[in-house]
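Presented below is the structure to which this report refers.
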């Protein structure tokens, strides 16, 4: 993900050219998938960034690793691999992103490290943190970097017991999360997923009881 964001922000014109010139095909999907599976963590690579972007737009539910291409490998599904890949429209979005890159700070830090460092480098009294960690129940299947129970608890400690006063958090509705955030305001959300079969799941939106 870091390479994707860095490529879009710092090599915008090159990224736009690649969006418009790359064949939207199962062959390109395999190229992107193979590149990501063999990538080294923590290093920037333009091709890796585009591969991540391409898979997000052409894989089922936008899942980069662990989901097949929209329409299936033989493209016999109702929707084809280019269903979410409008090259011209995507190019315009990336151009806009590049135009505001001077207002965006990108890091490649672990989420817990980022929040900890924000205590000293960010005006926390005037900053709202939106935190969207990996799910507890299916995190290992949906995310490249899942979190174990200890990390979920460590995140709750940073949010609830530090000077980070303004934050909003989204999670899957799991007993662990309801337990460790029991002091906060928790709202239930109905969310529809369509990775394989369309279904509704419960998520929660959590915020400090005194937010606002």
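Readers should treat all values here as calculations from the given coordinates under stated rules, not as data from a laboratory. If you're wondering where the values come from, they're calculated on a predicted model, not measured in any experiment. Here the Cβ positions follow ideal geometry from the backbone for every residue, glycine too, while neighbour counts run over all protein chains shown.
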Which entry in (i) 18.9, 53; (ii) 19.0, 59; (iii) 19.8, 59 is this structure's computed Rg and Dmax of the Cα atoms in Å? (i)
Compare the peptides 51-59, 169-177 by average per-residue count of other Cβ atoms within 10 angstrom and give them in order, highest first. 51-59, 169-177
Projected label distance in nm at residue 137 and residue 43, using a 7 Å step from Cα toward the beta-carbon: 3.9 nm
Residue list for segment 43-80, given a label point 7 angstrom along the Cα-to-Cβ vector of residue 114 and an amide N cut-off under 20 Å: 43-46, 48-57, 62-65
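Could you work out the per residue convex hull volume over the alpha carbons of segment 2-102, in cubic angstrom?
Numbers: hull volume 9.1 nm³, N = 101.
About 90 Å³ per residue, rounded to a whole number.
At a 10 angstrom cut-off on C-beta neighbours, averaged per residue, how do the peptides 29-36, 94-101 rank from highest to lowest? Don't skip to the end; give the middle numbers.
On the way: 29-36: 17.2, 94-101: 13.5.
Result, highest mean first: 29-36, 94-101.
With n ≥ 4 as the cut-off for DSSP H runs, can you work out [θ] at 222 nm for the chain, using -39500 (n - 2.57) per run divided by the number of residues, rounded to the nearest 500? Intermediate values should be presented prior to the final figure.
Details: 9 runs with 91 residues, N = 212.
Value at 222 nm, helices only, nearest 500: -12500 deg cm²/dmol.
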